[in-house]
1. Give all pairs with beta carbons closer than 8 Å in which a residue from region 10-33 that is closer than 21 Å to residue 113 by Cβ meets a residue that is in a helix (DSSP H, G or I) and of a type in the set (S, T, N, Q); count only pairs at least 6 apart in sequence or on separate chains.
2. Given 218, 255, which one is in contact with a helix residue (DSSP H, G or I) (Cβ under 9 Å, 6 or more places away or on another chain), surrounded by 15 or more Cβ atoms within 10 Å (Cβ to Cβ) and among the acidic types (Asp, Glu)?
3. Report, by residue number, each residue of region 261-294 that is among the polar types (S, T, N, Q) and in contact with a Leu (Cβ under 9 Å, 6 or more places away or on another chain).
4. All but one of (1) free of Cβ contacts under 8 Å to residues at least 12 places away in the same chain; (2) within 24 Å of residue 352 (Cβ to Cβ) hold for residue 226; state the number of the condition that does not hold.
5. For a quick check of your reading: which helices (runs of 4 or more DSSP H) sit entirely within region 46-143 and have at least 1 residues that are farther than 19 Å from residue 187 by Cβ and over 24 Å from the mean Cα position of the chain (by Cα)?
6. Can you tell me which condition residue 132 does not meet? The list is (1) among the β-branched types (Val, Ile, Thr); (2) within 30 Å of residue 356 (Cβ to Cβ); (3) out of contact with any strand residue (DSSP E or B) (no Cβ under 7 Å at 6 or more places or on another chain), and all the others hold.
7. If I go through region 270-316 residue by residue, how many of them are assigned to a loop (DSSP other than H, G, I, E, B) and among the charged types (D, E, K, R)?
8. Only one of 239, 267 is within 30 Å of residue 313 (Cβ to Cβ) and either assigned to a strand (DSSP E or B) or not assigned by TED's automatic domain parsing to the domain that holds residue 383 (or both). Can you tell me which?
Amino acid sequence: MPGCVIGMARWNRPSIFVYGGTILPGCSVVQGEKKSLDIVSVFEAVGKHASGEYSDEDLQAVEESAIPGEGSCGGMYTANTMASAIEALGMSLPNSSAQAAVGEDKMRDCFDAGAAVLAMLEKGITPRDIMTRKSFENAITLVIALGGSTNAVLHLLAMAHAAEVPLSIDDFTEIGKRVPVLADLKPSGKFEMAPLVEIGGTVPLMKMLLKGGLLHGDCLTVTGRTMAENLANSDIEYPDDQVIIRPLDNPIKADSHLRILYGNLAPGGSVAKISGKEGQAFTGRARVFESEEGAMKAILDGEIVAGDVIVIRREGPKGGPGMREMLGPTAAVMGRGLGDSVALITDGRFSGGSHGFVVGHITPEAYEGGPIGLLAEGDQITIDAVANKITVAIDDEEMEKRRADWVRPEPHYRRGVLAKYAAAVTSASEGAVTDKGL
């Protein structure tokens, strides 16, 4: 999805983004209780099975029912996050991000997109007319209000780079100071995307944000009208008895759940998703792993205990290469019942379905000699989402001693596309783009 928008920005010809739509939730009876299920349910069930909470039959019941058909992952995970961001950016039709993959609404959306792109051709409207600094601020605002994925930081930075719009990770902090989390959506909340679709989608939320002075209503969109005009032309409103979207004066969280953390462990920045349920700070001992697989095995084997900070390194843009998402380990932690007592940090990234005390995109990454690559087993790590800091309790002298002893790990690839990618890619704090300076 971000790749589509990046291509549109680079080519800068009249074009429109059409989202495939969200999956409907699955359903099954597990241990005598009827459960609404999605893809993350499967990953967390693996952890519950490893802990003995789920039997083979319980795990099978979840696996067989979680994915009932086509569509993107069903919570406010990365796909639905980015669809919403692209809508707020102005590059897709109003409410097109809040539609099921199957049904008449999505079919109509596809036909309407065809008419809209013809109108864009006639009017000479191009993507860079739409993708401005203010429209990217709108995208960030909606992502925060929906409690969206950490991947939005990485992807919006890359999209802005393609559109030649100045945007930095620190902009997420500034916007996040004034924008609350309003949506009670998975993974941190209760509901899937489908119930939000049923009550009206994203348009009523955007009306609320616009009325509250949190959106730039004068931004042009693919309809040829401004965001404010699009919202004024819609009669969609939430029912009075809905409980998915909170009002501005009673938010789930008063400021952003996406926190940009700095400190001696991440001098170039990092991204945390802190809903508030986990608390605002965590201090624990480092358990260091050189890959996702090593960490996953330790979690499932019961080697991770309360008070641990799981460190997964060599998963960054260069070291991976490519920043794999850590849904398996984070879901296994939750499934084992350790979500409130264990943290996980990485120079890789997370799935939109990841939740708990997690910090990713740590920069500089381990492969570049960043501090995360210098950590040792048992180091004391502190994550502070109030001060926006992530630190390790070693002094500068010890850090420099470890740096002097550090040897760059052997690359996973020496030839081919992935070797070229690793050589060209920038840090996660710069959007992990491969054409900076070209």
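1. As it stands, the answer is 22/80, since those pairs meet every condition given.
2. Going through 218, 255 in turn, the sole match is 255.
3. If the condition is that a residue be among the polar types (S, T, N, Q) and in contact with a Leu (Cβ under 9 Å, 6 or more places away or on another chain), then 270 is the only one that fits.
4. Just one mismatch for residue 226, condition (2).
5. In region 46-143, 56-65, 104-123, 127-130 are the helices (runs of 4 or more DSSP H) which contain 1 or more residues that are farther than 19 Å from residue 187 by Cβ and over 24 Å from the mean Cα position of the chain (by Cα).
6. (2)
7. So the answer is 8.
8. Residue meeting the stated conditions: 267.
The values are calculated or read from the model by the stated rules, or taken from the named source; none is laboratory data. Keep in mind it's a predicted model, so treat the numbers as computed, not measured. Methodologically, a virtual Cβ is constructed for each residue, glycine included, from the backbone with ideal geometry; neighbour enumeration extends over all protein chains shown.
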